[in-house]
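Input: a single structure, listed below in structure tokens.
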Ligand SMILES: Nc1ncnc2c1ncn2[C@@H]1O[C@H](COP(=O)(O)OP(=O)(O)OP(=O)(O)O)[C@@H](O)[C@H]1O
Ligand SMILES: [Mg+2]
């Protein structure tokens, strides 16, 4: 495991004094969201313990993207509260990885400047930005030229850069909406492993929307299974296999059982 991402603990001289990361639980109460007069979420509650990877899985159109978008402050909701360690969104740092990496990076900025962008917004010094990018490059084992523009990179390289940008400011929570769905298998495996390494090094809470059940279970501490709309929690299944999980995990009894149980619940909800 590469622990070079675990830099926030002791700010060095010349570095912005980033706050110590305190693992945050997430508490959602009474969340209500209507679209064109129809409820999507109606008085929805959810509790997520600190420092977990949560996979969000559910029927098409049940509101997976809307849920993480409301949590990330990308779209408004009609009522309810969403708190991170008791704090509002304005008091924490989040990262967001979009499904469509082609539209996620700024085309007019070189890839390295895309990754540095949130750090510059925070007003970090040049030295601090360079130090942080160096750590990310080492951690993601980057082999491509970050001085190229995004359109000069492959899809997998662009999504890697998007994830590096989301992680650059050391977010308390990272949201990912189907981050692998447009990637080939090799790239999916690579980025999946990188996310697991980041999680092991930093304990960053991740909310991962996935339509691939195997992947959802493989990465997760908790699998959040949603119903059709108006959306409720069908079940939250724990998967507490030790990390790092590997190819061998896929044939372990606990994995197979959790995947089968998730599938049962999913099918029950789709048929309902
Ligand atoms: N801006 C909008 N206006 C009206 N309805 C919307 C809007 N955005 C989403 N919806 C509806 O809300 C529901 C949830 O959408 P959302 O995209 O969150 O679902 P999802 O679970 O992410 O779907 P998918 O599996 O297709 O990614 C869908 O029925 C969708 O049609
Ligand atoms: Mg979606």
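The values are calculated or read from the model by the stated rules, or taken from the named source; none is laboratory data. Since the structure is predicted, the reported quantities are computational estimates derived from the model, not experimental observations. Heads up, the Cβs are rebuilt from the backbone with ideal geometry, glycines too, and the neighbour counts pull from every protein chain shown.
Structural remarks
- Every residue from segment 5-20 that is surrounded by 15 or more Cβ atoms within 10 Å (Cβ to Cβ) and either closer than 14 Å to residue 204 by Cα or modelled with pLDDT of 50 or more (or both): 5, 6, 7, 8
- Residue match in segment 64-71 (condition: in contact with a helix residue (DSSP H, G or I) (Cβ under 6 Å, 6 or more places away or on another chain) and either within 15 Å of ligand 1 (Cβ to nearest atom) or assigned by TED's automatic domain parsing to the domain that holds residue 243 (or both)): no
- Tallying residues that are closer than 27 Å to residue 215 by Cα, away from ligand 2 (no atom under 13 Å from the Cβ) and in contact with a helix residue (DSSP H, G or I) (Cβ under 8 Å, 6 or more places away or on another chain) within segment 98-109 yields 4.
- Pairs are defined by a Cβ separation below 9 Å, a sequence spacing of at least 6 or placement on different chains, a first member in segment 56-80 that is farther than 16 Å from residue 207 by Cα, and a second member that is near ligand 2 (Cβ under 10 Å from one of its atoms) and outside any helix (DSSP H, G or I); the pairs so defined are 60/211.
- Spans of strands (runs of 3 or more DSSP E) in segment 21-129 with at least 1 residues at positive phi and at pLDDT 95 or above: 26-35, 38-48, 79-84
- Residue list for segment 232-249, filter: over 12 Å from residue 222 (Cα atoms) and out of contact with any helix residue (DSSP H, G or I) (no Cβ under 8 Å at 6 or more places or on another chain): 232, 233, 242, 246, 247, 248
- Filter pass, residue 163 being within 22 Å of residue 47 (Cβ to Cβ) and touching a residue at least 12 places away in the same chain (Cβ under 8 Å): no
- Wholly enclosed helices (runs of 4 or more DSSP H) of segment 140-253 bearing at least 1 residues in the same structural domain as residue 88 (by TED's automatic domain parsing) and more than 16 Å from ligand 2 (Cβ to nearest atom): 185-202, 213-219
- Test for residue 117: is it closer than 18 Å to residue 167 by Cα, surrounded by 12 or more Cβ atoms within 10 Å (Cβ to Cβ), within 16 Å of ligand 2 (Cβ to nearest atom) and not assigned by TED's automatic domain parsing to the domain that holds residue 45: no
- Search result, residues across segment 208-234 that are more than 17 Å from residue 61 (Cβ to Cβ) and surrounded by 21 or more Cβ atoms within 10 Å (Cβ to Cβ): 208, 216, 217, 218, 219, 220, 223
- Here residue 189 meets the list (1) free of Cβ contacts under 8 Å to residues at least 12 places away in the same chain; (2) within 30 Å of residue 37 (Cβ to Cβ) almost entirely, failing just condition (2).
- Hits in segment 46-64 - residues which are surrounded by fewer than 21 Cβ atoms within 10 Å (Cβ to Cβ) and within 13 Å of ligand 2 (Cβ to nearest atom): 59, 60, 61
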